[in-house]
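The values are calculated or read from the model by the stated rules, or taken from the named source; none is laboratory data. Just so it is clear, the model here is predicted, and its values are computed rather than measured. As a convention, Cβ positions derive from the backbone with ideal geometry for all residues, glycine included, and neighbour counts pool all protein chains shown.
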Amino acid sequence: MIHLTNIHMQHGAQVLFQNASLQILPGTKSGLVGANGAGKTTVFRLITGEEEADKGDISCAKKTVIGYFSQDVGEMAGRSVIAEVMSAAGDIVELGTKISAMEAEMAEPMDDDAMADLLERYGECVEIFEVRGGYDLEPRAQAILTGLGIAPQDFNSPVELFSGGWKMRIALAKILTINPDVLLLDEPTNHLDIESILWLEEWLRTEFKGALLMTCHDREFMNRIVTRIIEVANGTTTTYSGNFDFYLQEREIRRQQLEASYRRQQEMLVKEEEFIARFAARASHASQVQSRIKKIEKIDRIVLPAEQKTIKFNFPIPPRSGDDVLHLSNLGKTWIGHDGRKIPVFSGLSGTIRRMEKIAVVGVNGAGKSTLLKTITGHAEPTTGEINLGVGVTTGYFSQHAMDLLKPEQTVFEAVQEHFPLENIGTIRNLCAAFLFQGDEVDKRIANLSGGEKSRVILATLLGRPLNFLVMDEPTNHLDIQSREVLLSALQQFEGTVILVSHDRHFLNSLVNRVFEIDHGAMRIYEGDYAYYRRETIKHQTEKLPPGK
């Protein structure tokens, strides 16, 4: 369907691709992985024609419809939500108008040849219209919007009233609605809650019949959807058959095999070079020496790819808190709207957080998860009830808006050092390195950092302090898979208490041992890990279904 062959591409001094090739075949679902800056987004832009390769061939089957969702959603204004979504299918709407015109034309008298030609064109248009879902365009747009968490009562609201995160959902709905032959998704789960992620996962697995190529920082999402991984690294692409977990295992096996081949080649070269050096001056061995020199010159040297460094860091052992870290008693919160109206969020929440627990707060979007964390940390006052903090509890809070508090003019090193003024330079550098700021990267200005890099700075300043109670609201947002693994490892080793909100199921499955669910303003507590919570909720949903369902 789409073939990139022997692609060479360079941005300034950086060689992105050198003799790289990949294929997108009909019906395949592929994940695109690689370090930041390796060229994943460039692959998308090459496929869509937004960039051109310096050398190489890019071929695409005729009439292939490509849908591309990127993190740059552009401007949205002047339309309702449903009109904005359907605007992406303008060519389908035009095709429907064309079909109607041809149907009217067929009602008029004409000679046989003209009628045959018209019927042929009509058949081609109807076939395309059906394949692209033209007959159920609006119902499909509505279903997709609902699945992505936008309620039917908001379909006719102006798009400019929605925040950036919600506009991302609208932009994603536009791409899904056109039902393309090839779907390119760049981080589709960003800004989605778990319910929307689960819906999108199911839609891509069961409803979408085209080819899919996507990048995603959500490991669980990748594992459940893709059956191929295309890795972008060291100027080339490598394809693996399997999901993301298989890719990690297979990549390690291939790396070990390459290292073994490299060692054998190096041993052979050493022996050959020793022979040449030993007998180079002897006329009796001249032909053998020349033969071995030619042999060495013809050898295709094995080059080991540079490995991405990971740093081990011993986080400070926090002071021990009391066994009861926090107690909620009939906690309630009501916001006052701009019009003075009272907006209830939750009420009657009661429960105890115990030392060393790792707790996930879950619930549908708007249930009050972030509000609960703000109230626990004192960033919002409770309307009713009490919060009692345990003995010796020292709290650290990571909010979704923590990045806005960073000073743009500071470097990474200065931002971290500001929180640890008594520590030496080596300790600060080690802390930065633990969150993947190595070497000259500590001198980057905050203003020039990506969202993920800013998140890592905040996490470094938080986890480097001797706190024993961490309250974290979406700490995995903007982080790539490697950064999430660094954070996960740190929290698994953390000898304190954690309560957090996250939509990363792999992260939650690997960390939490208790779940607080906020549902319709009340809280339900699950005394088990995240997998236990999912099993229980599925069981309850099944029990509520009518007989025979």
message: Restricting to segment 81-117, name every residue that is of a type in the set (Gly, Ala, Ser) and either surrounded by 13 or more Cβ atoms within 10 Å (Cβ to Cβ) or in a helix (DSSP H, G or I) (or both).
response: Ala83, Ser87, Ala88, Ala89, Gly90, Gly96, Ser100, Ala101, Ala104, Ala114, Ala116
- request: Select from segment 46-80 the residues that are part of a loop (DSSP other than H, G, I, E, B) and hydrophobic (A, V, I, L, M, F, W, C) and write down the one among them that is nearest to Thr189 (Cα to Cα).
  value: Val73
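Within the group Lys454, Lys444, which residue is farther than 18 Å from Val501 by Cα and within 19 Å of the chain's Cα centre (by Cα)?
It is Lys454.
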Of residues in segment 180-225 being of a type in the set (Val, Ile, Thr) and either part of a loop (DSSP other than H, G, I, E, B) or in contact (Cβ under 8 Å) with a residue 24 or more places away in the chain (or both), the one farthest from Val501 (Cα to Cα): Val182
- prompt: Which residue pairs have Cβ atoms closer than 8 Å, lie 6 or more positions apart in sequence or on different chains, and pair a first residue in segment 447-475 that is not assigned by TED's automatic domain parsing to the domain that holds Leu372 and surrounded by 21 or more Cβ atoms within 10 Å (Cβ to Cβ) with a second residue that is assigned to a helix (DSSP H, G or I) and hydrophobic (A, V, I, L, M, F, W, C)?
  reply: none
- prompt: Could we say that Thr395 is among the β-branched types (Val, Ile, Thr) and either under 28 Å from His478 (Cα atoms) or out of contact with any strand residue (DSSP E or B) (no Cβ under 8 Å at 6 or more places or on another chain) (or both) here?
  reply: yes
message: Can you tell me how many residues within segment 414-432 are more than 23 Å from Gln400 (Cα to Cα) and surrounded by 13 or more Cβ atoms within 10 Å (Cβ to Cβ)?
response: 5
field: Selection from segment 392-421 of residues that are assigned to a helix (DSSP H, G or I), in contact (Cβ under 8 Å) with a residue 40 or more places away in the chain and closer than 20 Å to Ala433 by Cα
entry: Met403, Val412, Ala415, Val416
- request: Consider Lys55 carefully, then state whether it is basic (Lys, Arg), free of Cβ contacts under 8 Å to residues at least 60 places away in the same chain and closer than 22 Å to Leu25 by Cβ.
  value: no
message: For the structure I just gave you, tell me whether Arg251 is touching a strand residue (DSSP E or B) at 6+ places or on another chain (Cβ under 8 Å) and more than 30 Å from Leu172 (Cα to Cα).
response: yes
- request: Kindly state which strands (runs of 3 or more DSSP E) lie completely within segment 314-387 and contain at least 1 residues that are out of contact with any Gly (no Cβ under 6 Å at 6 or more places or on another chain) and free of Cβ contacts under 8 Å to residues at least 24 places away in the same chain.
  value: 324-336, 342-354
task: Look through segment 106-135, keep the residues that are in contact with a helix residue (DSSP H, G or I) (Cβ under 9 Å, 6 or more places away or on another chain) and of a type in the set (D, E, K, R), and return whichever of them is modelled with the lowest pLDDT.
output: Arg132
Near pairs, Cβ below 8 angstrom, 6+ apart or cross-chain, from segment 131-153 (touching a residue at least 12 places away in the same chain (Cβ under 8 Å)) to any residue that is charged (D, E, K, R) and part of a loop (DSSP other than H, G, I, E, B): Gly149/Asp193
